[in-house]
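Just below is one structure, and these are the notes that go with it.
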Amino acid sequence: MAKVTINAKTIEVPDGTNLVRAAEMAGLEIPHYCYHPGLSIAGNCRMCLVDIRAMSTKQPNPLPKLQIGCNTTVQDGMVVESNNPRVIEARQGVLEFLLINHPIDCPICDQAGECKLQEYYMDYGRYHSRFALKEKVDKGKVIPVGPDIMLDQERCILCTRCVRFLEEFTRTFELGIKERGDHSELTLADGKQVDNPYATNIVDICPVGALTSREFRFQARVWYLDATPSICAGCATGCNIDVDLRHERIYRLKPRFNSEVNSFWMCDAGRRTWQRNHGEHRLIGSYVRGGSEFVESDPHEVVSRAADALKSHRRTAVLASAHATMEEGWLAKRIAALCGNGPCVVVSPASSEIPTDDKLISTDRFPNRAGLVALGFTEHTAPPEDVDSILMLRADVVAADEDRWGMFLEDMGETLVVADEIGKTMAYADHVLAAGSHFETDGTYVNRGGRLQLFRTAVAPPGRALAGWQLLAELLARLGGPRYESVDEIFAAMCTEIGLGSGRTHASVATSGVALADWKQGRAAAARSEGAGAQA
Amino acid sequence: MSQHVLLRYRDVRADLRSLDNYVADGGYRTARRAVHEMKPEEVLQTVKDSNLRGRGGAGFPTGLKWSFLAKGTGKPTYLLCNADESEPGTFKDRDLMDHDPHQLLEGMIISAFAIGCHTAYIYIRGEFAFGADVLNKAIADCYAKGYLGQSVFGSAYSLDIHVHRGAGAYICGEETGLIESLEGKRANPRIKPPFPAVYGVFGCPTIVNNVETLACVRHIVERGAAWFKGIGPESGPGPKLYCVSGHVKRPGTYELPMGTPLMDLIFEHCGGMLPGRKLKAVIPGGSSVPILKADECDIAMDFDSVVKAGSMLGSAGIIVMDDSTDMVAALRRIAHFYHHESCGQCTPCREGTGWLEKLLIRLDEGLASEGDIATLDSVAKGMLGTTICVLSDAAAMPVRSFLQKFPEEFLAAATGRSRVVAADATAAA
C-alpha cells in the first residue's frame, strides 16, 4: 500500500495503482480519454496531465514537467495536484487542440449526452474558438467499418482505445492509424472488417462519437434513456449488463463492469438479445384450450383452471428450460412436490453449434443451468417416465425435436405451458400462461462459474402477461401450497431451503453477484460460531 | 599534423572505407586491445571518466547512460546506433559513415563489448543509401577478417552488427521511435518510463547512441579519458563536429574542439558571411532549438554555454542567417517541417503543429491579424512539455524564440506593412 495525497486529500491505495485510479478512489476525477482500465496504457491524449508536487517520501521534490496520471504509479508519500492553475491551463490547451479539427456536430451526433469531449468541454473549455473554421482538416465520414459499426474519422480523437481493444482482447487487428500528424486517421487494415464476436465493445469504449453502433444510431437520445442493471441471458456466462430503455422499450444493452465475470466487455450476440423481447413472437395473453381452439382468458382464471387440471392428475413432471430464473425453478419444484412428487428436469441442451471460447462466450446458450441443478433439477433430454401431466416452464421442446416430444405430449392428460414466446409446444398444451421475459421480472441466475447474479425488472411484461414468479406463486397457492406475495419472499424461502442461509433478500445480493459456494460457507461459518457460543 | 580526429579521412591520402587502409592507419588496434586485454567495466569507467556527452542532441552523459542498463534480466542487451540524422541543419553523421565506416564500427565493437551486447544495429536514415552500402561493405569485410562474428579478433567475445535502413520520418530519430521502427512498427515514440536501458528493442535492455558518440568512444579508449577531457570544457569535452549551413561563404562540417566560439566558426572557419551581407541570426543546434540574434552569438559552442545563452547545442547543426532573411517566411518553413513530421500520437503535437503552420501561412501571406501573433505564441506555449517525446517542444521552441527575438517582423506581417528585410538584399534578389 502507498499513501498518496491528491488535492490535499490523503488516501492509501494498493502499490501499482496509477494516479487516475487513485484519484477515483479518493472520489476525484482526473479527466482522460485514451486511458481505459481494461486496456494497456497509451499515454497519447495528454488530458490526464497532473502536477507532481512530491514524487515520494524519499524524493520529496516536485517534478519540473506535468506528468500523465495514467502512466504514473503511486509511490508512498507522493503529493499530486490535479486542479491547480497550471494543470487546468494544460488541460484547457489539450481540449482546445482536440477540438480545433473536430467537426463539432453534436446536434446530429449519436454520442451527444455521453461524450467525453462534451463533458470536459463544459468543465474545462475555453468557450470561444481561436481557430478558423475553413482551416479544419477534412476526413472521412459515415464509413462502415463492419456490419455493426460506423466510423466518423473527423470525430475521432485518435486515442486508440479501439485499436488496443482489437489488438489486446480479440487479437484481430482490424483497425489501425494511418498517416501522420493532424492527418492521422483511424482506418481499417487492408481487406479487413471489424467483424468479430466482440466488435461492438469498441463503440462502448470510444469516448467520442467516432464509432457508433449501426443498430443504435439515430434511435434515441441517450439522455432520455434510463438504465436498469441486469444480466445477459444469452449464454451461461452471465455478463453483467445495463438495459437502456425508454417508455417500456429497450434500446440497447451495454456491458456493466464485473471483475469476476465479464470485466468491461460483452459479446455482440448477447448485445442483440433484447431484440427478441420486442419481437412479433411474444406471447401476450393466456389461453385455455376449448376443443381444437384456444380461448384467451384472464391469466388468474387460467391459473385456477390449470391448478384444477393438475390436481386431477396423478403425477406432474416439470420440464424447464435453463432460461427459467431461480425463483421460477424453485416454485416449480414446490409445485411438483404437491403433484405426486414428479421429476424436475432441465431439458435445454448443454451445448450448441457455438463453441465456448477463451473469453466470454459459452456453448451453453442458457443462463441458469447451474442454478436449476443447484435447486435439484436433473438434466435430461429424453421424456420422463411415469407421469401423466406436464408443467412446461419456458421450454419449447417440440421445436427442438417434434418426433420425440409430440407423441409424448399427446399422451399427457394435462400440459400447462408457461412461456414468453409463442412456440410449437403450445400446439400440445391444455393451458398456456403468458410470462414476462427476464427483462420483465426481478430474479436471479447462477452462471457457469457458480455465481448467483441479480437482475431487475427493466420493462413491464407485454399485454396481459405477468412475471413468471407471479404465475407460479399463484399456481402453488391454488394447489394448496403457501402463498408468496413477493419475489423477495420466494428468494428468502429458496435460500433457506437450499442451504444458502436465512434472511436473504434480493437486496443482499452484491451488485457483482455472489459465489454460491461463499454463501454456503458463510452459513457454515455462522453455524460453527453459534456452536462455539453454545459451548462457552 | 592536422587537427582532425573524427574526420581523419580528410587528412590521410588513402580511402579509409577500405579495411586494409583503415588498419594501416592504426585502425582496430584499440578494439582488438579492448576485447583481449580490458574488462568491460574498465571500458565503461574510461568512457565515464572522459565526460563524453551524447552527440545526438540531448547531451546526456554516455557513461552514465550505459550504467543505467538493467542487469540480470536474463535477456540480451542491444546496442543501437542512431544514424537517422534527421534534424534539419545536421549532416555530420553522414560524413562519418560515408567516408570512415570502420571508425564507427570500431567504436561500436568497443561499446558493445563494454555493455555486454552481442547484437548491435545501425538504424540508418532511409535516404542515406550510399552510407548504408558503405557500412554494409565495411561490415562484410570485418566478418571476412574475423573482426565481427563468433569470435571477435579471435577472442571469446561475439558480436553481430546489422544495418537497418529507415523508411523516412524525422520521428525515427527519437530513440524510442527508432526502436519501434526497428521492430517494424510505426515510429510512435514510447511513453517513458520504462526507458530503453530497461525496456528497449524487443523489450530488452538497449543502449541507443549517436554515430558521432560511438566514433568518439574509439578515440577515448585509444588515447585515454584525460586526453579527451583536455579538449574543450571539462563538463562536456572532446572533438566536435559542427555542421554549418546557410549564408556563409564556406558551409560544411568542421571538426573543432568543443567550446569553439561561434563567431570564430562563422567568420574564420567558414570564411564569414556572403559578400555585402550582415549576420542577422543563428540557429545553433538544428532547427528545433531557439534562435539567437546576431548580438547574442558571441558564445562558445559547448553544451552548457549555449544553454546559458538561451538555446541549445543540440546536434550542432548551425544555421546561419544574414540580413536578407525574412523571419516570418523562415519560421513558416520550419513549422511546415514539424507539421509534416509529427507522428500524430499526442494531442498537443498532432493538432498544434498543424495550427502553427496555418497561422504562419496566414501571417506570411498577409492574411493574419495582430491577434494571430498572440495565438501563435499561446499555441506554442501549450505544446511545451506536454507530450510523450520532444517533437512538440522542437516545433514550439523556434516559434516562441522567433516571436520573442523578431517581434517587429511578425507585427509588420500581421498589419500589412512591408517586412523588415535588408534593402540591398531585396535589390540583389
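The values are calculated or read from the model by the stated rules, or taken from the named source; none is laboratory data. These figures come from a predicted structure and were not determined experimentally. Positions of Cβ are backbone-derived with ideal geometry, glycine not excepted, and every protein chain shown enters the neighbour counts. Ligands, DNA and RNA are excluded from the accessible area calculation, which covers all protein heavy atoms including side chains. Shrake-Rupley method; radii C 1.70, N 1.55, O 1.52, S 1.80 Å.
According to the square roots a ≥ b ≥ c of the eigenvalues of the Cα gyration tensor, what is the shape class of the stretch B:152-198, taking rounded for a/c under 1.5, prolate for a/b larger than b/c otherwise, and oblate for the remainder?
oblate
Any aspartates and glutamates with Cα under 17 Å of the A:K139 Cα? List them, leaving off those in the same chain fewer than 8 positions away.
Within reach: A:D105, A:D152, A:E154, A:E179, A:D182, A:E185, B:E351.
Provide the gained length on full extension for the span A:A517 to A:R246, in nm with one decimal, where the gain is 0.36 nm per separating residue minus the Cα-Cα distance. Mind showing how you got there, number by number?
Numbers: separation 271, 0.36 × 271 = 97.56 nm, distance 3.71 nm.
Working it through step by step, the gained length comes to 93.9 nm.
When the label point is put 7 Å from the Cα of A:E119 along its Cα-to-beta-carbon vector, which residues of the stretch A:27-66 have a backbone N closer than 20 Å?
Of the residues in the stretch A:27-66, A:27-50 have backbone N under 20 Å from the label point off A:E119.
Name the residue farthest towards the positive end of the dipole of the protein assembly as shown from the options A:P229, B:I115, A:A324, assuming +1 on Cβ of Lys and Arg, -1 on Cβ of Asp and Glu, about the Cα centre.
My answer, from the dipole projection, is B:I115.
How far, in nm, would the chain grow between B:A58 and B:H4 when pulled straight, counting 0.36 nm per residue and subtracting the alpha carbon separation?
17.1 nm
Where the only charges are on Cβ atoms (+1 Lys, Arg; -1 Asp, Glu), what is the dipole of the protein assembly as shown about its Cα centre, to the nearest 20 debye?
Value, rounded to 20: 2000 debye.
Pop out the ³J(HN,Hα) list for the stretch A:169-178 in order, Karplus 6.51 cos²θ - 1.76 cosθ + 1.60 with θ = phi - 60°, rounded to Hz; leave Gly and Pro as x.
8, 8, 6, 10, 6, 7, 10, x, 9, 10
Relative to the present Cα-Cα distance, how much length would full extension add between B:L411 and B:V307 at 0.36 nm per residue of separation?
Stretched out fully, the B:L411 to B:V307 stretch lengthens by 34.7 nm.
Which chymotrypsin sites (Phe, Trp or Tyr not before Pro) does the stretch A:195-278 hold that lie in a coil by DSSP with at most 10 other beta carbons within 10 Å? Before the final figure, lay out the partial values.
Details: sites: A:Y198, A:F216, A:F218, A:W223, A:Y224, A:Y251, A:F257, A:F264, A:W265, A:W274; in loops: A:Y198, A:F216, A:F218, A:F257, A:F264, A:W265.
Here the chymotrypsin sites (Phe, Trp or Tyr not before Pro) that fit, given the DSSP loop and packing criteria, are A:F218.
For A:K254, which lysines qualify as cross-link partners when the Cα separation must be under 24 Å and same-chain residues fewer than eight apart are set aside?
A:K116, A:K359
Can you compute the FRET efficiency between A:A112 and B:H340 using 1/(1 + (r/R0)^6), with r the Cβ-Cβ distance and R0 = 30 Å? Round to the nearest 0.05.
Working: r = 34 Å, r/R0 = 1.13.
Using R0 = 30 Å, I get an efficiency of 0.30.
Would you mind pulling out the separation of the Cα centroids of the stretch A:211-235 and the stretch A:16-79, in Å?
Cα centres, the stretch A:211-235 to the stretch A:16-79: 32 Å.
Taking the Cα centroid of the stretch B:15-80 and of the stretch A:151-168, what is the distance between the two, rounded to the nearest whole Å?
Going from one Cα centre to the other spans 43 Å.
Can you give me the long-range amide H partners of B:M301? Hydrogens built in the peptide plane at 1.01 Å from N, cutoff under 5 Å, separation of 5 or more residues or another chain.
Answer set, sorted by chain and number: B:G259, B:T260, B:L262.
Hey, for a label at B:D133 modelled as a point 7 Å past Cα toward Cβ, could you say which residues of the stretch B:79-107 have their backbone N under 19 Å away?
Backbone N within reach: B:94-102.
Grab the DSSP H runs of chain A that are 4 residues or longer, score each as -39,500 (n - 2.57), total them, divide by all residues and round the 222 nm result to the nearest 500 deg cm²/dmol.
Calculated mean residue ellipticity at 222 nm is -7500 deg cm²/dmol.
What percent do you get for the relative contact order of chain B when only Cα pairs under 8 Å and 6+ apart count?
Computed value for chain B: 15 percent relative contact order.
Between B:A156 and A:T57, what is the label-to-label distance in nm when each label sits 7 Å out along the Cα-to-Cβ direction?
With each label point 7 Å from Cα toward Cβ, the separation is 4.5 nm.
I want to check a number: in the stretch B:1-97, how many lysine pairs have alpha carbons closer than 19 Å, given a sequence separation of 8 or more or different chains?
6
Would you list B:F303, B:F91 from the most to the least accessible area, probe 1.4 Å?
Most to least solvent-accessible, the answer reads B:F91, B:F303.
In the stretch A:76-163, what GluC sites (Glu not before Pro) fall in a loop by DSSP, with at most 12 other Cβ atoms inside 10 Å?
none
Any chance you could check the Cα centroid distance between the stretch B:193-235 and the stretch A:299-336 for me, in angstrom?
Going from one Cα centre to the other spans 82 Å.
What are the ³J(HN,Hα) values, in whole Hz, obtained from phi via the Karplus relation 6.51 cos²θ - 1.76 cosθ + 1.60 with θ = phi - 60°, for each residue of the stretch B:34-47 in sequence order, with x given for Gly and Pro?
Each residue of the stretch B:34-47 in turn: 4, 6, 8, 10, 10, 8, x, 5, 5, 4, 4, 5, 4, 5 Hz.
Antiparallel versus total DSSP beta bridges in chain B: what percent is that, nearest 5?
Bridges in chain B that DSSP calls antiparallel: roughly 45 percent.
Which distance in nm do the two modelled labels at A:T381 and A:D488 give, with both placed 7 Å along the Cα-to-Cβ direction?
4.2
Please compute the contact order of the stretch B:162-268 in relative form: average sequence separation of alpha-carbon pairs under 8 Å and at least six residues apart, divided by the residue count, as a percent. Show your work: numbers first, answer last.
Numbers: 115 pairs, mean separation 13.2, N = 107.
Contact order relative to length: 12 percent.
Can you list which of the trypsin sites (Lys or Arg not before Pro) found in the stretch A:225-303 are DSSP loop residues with at most 15 other C-beta atoms within 10 Å?
When the trypsin sites (Lys or Arg not before Pro) of the stretch A:225-303 are filtered for loop state and at most 15 Cβ neighbours within 10 Å, A:R272 remain.
Under the rule of at least 5 residues apart or a separate chain, name every residue whose amide H is placed under 5 Å from the amide H of A:A2.
When sequence neighbours closer than 5 places are left aside, the close amide H contacts are A:V13, A:D15.
Going Cα to Cα from B:K308, which aspartates and glutamates come in below 15 Å? Please leave out same-chain ones fewer than 8 positions away.
In chain and number order, the partners are B:D295, B:E296, B:D298.
To the nearest 0.05, how large is the calculated FRET efficiency for A:A460 and A:V142 if R₀ is 41 Å and r is the Cβ-Cβ distance?
The formula returns an efficiency of 0.65 here.
Charges on Cβ only, +1 for Lys and Arg, -1 for Asp and Glu, centred on the Cα centroid of the protein assembly as shown; of A:V163, B:G177, A:A269, which one is farthest towards the dipole's positive end?
B:G177
Compute the distance in nm between two label points, each set 7 Å from the Cα along the Cα-to-Cβ direction, one at A:A269 and one at A:A477.
The answer from the label model is 4.0 nm.
In this model, which of B:K229/B:K405; B:K293/B:K381; A:K136/A:K178 are farther than 26 Å apart at the alpha-carbon?
B:K229/B:K405
Quote the relative contact order of chain A in percent (integer), defining contacts as alpha-carbon pairs under 8 Å separated by 6+ residues.
Relative contact order for chain A comes out at 10 percent.
For the stretch A:280-380, give the magnitude of the charge dipole about the Cα centre (Cβ charges: +1 Lys/Arg, -1 Asp/Glu; no others), in debye to the nearest 20. Working shown, then result.
Values: 11 positive and 13 negative charges, 102 e Å.
In debye, rounded to 20, the stretch A:280-380 gives about 500.
If r is the Cβ-Cβ distance from A:N341 to A:Y224 and R0 is 51 Å, what FRET efficiency results, to the nearest 0.05?
After rounding to 0.05, the efficiency reads 0.50.
Please give the charge dipole size of chain B, origin at the Cα centre, charges +1 on K and R Cβ atoms and -1 on D and E Cβ atoms. Round to the nearest 20 debye.
Here the size comes out at about 640 debye.
Could you tell me which residue out of B:N209, B:I161, B:L262 lies farthest along the dipole of the stretch B:156-283 toward its positive end? Charges go on the beta carbon: Lys and Arg +1, Asp and Glu -1, centred on the Cα centre.
Of the listed residues, the answer is B:L262.
Read phi for every residue in the stretch A:504-521 and hand back ³J(HN,Hα) as whole Hz from Karplus 6.51 cos²θ - 1.76 cosθ + 1.60, θ = phi - 60°, with x for Gly and Pro.
3J(HN,Hα) across the stretch A:504-521, in whole Hz: 6, 10, 4, 5, 7, 7, 4, 4, 8, x, 9, 6, 3, 4, 5, 5, 5, 5.
Quick check on the stretch A:358-471: take the gyration tensor over C-alpha atoms, sort the square-rooted eigenvalues as a ≥ b ≥ c, and tell me if it's rounded (a/c under 1.5), prolate or oblate.
oblate
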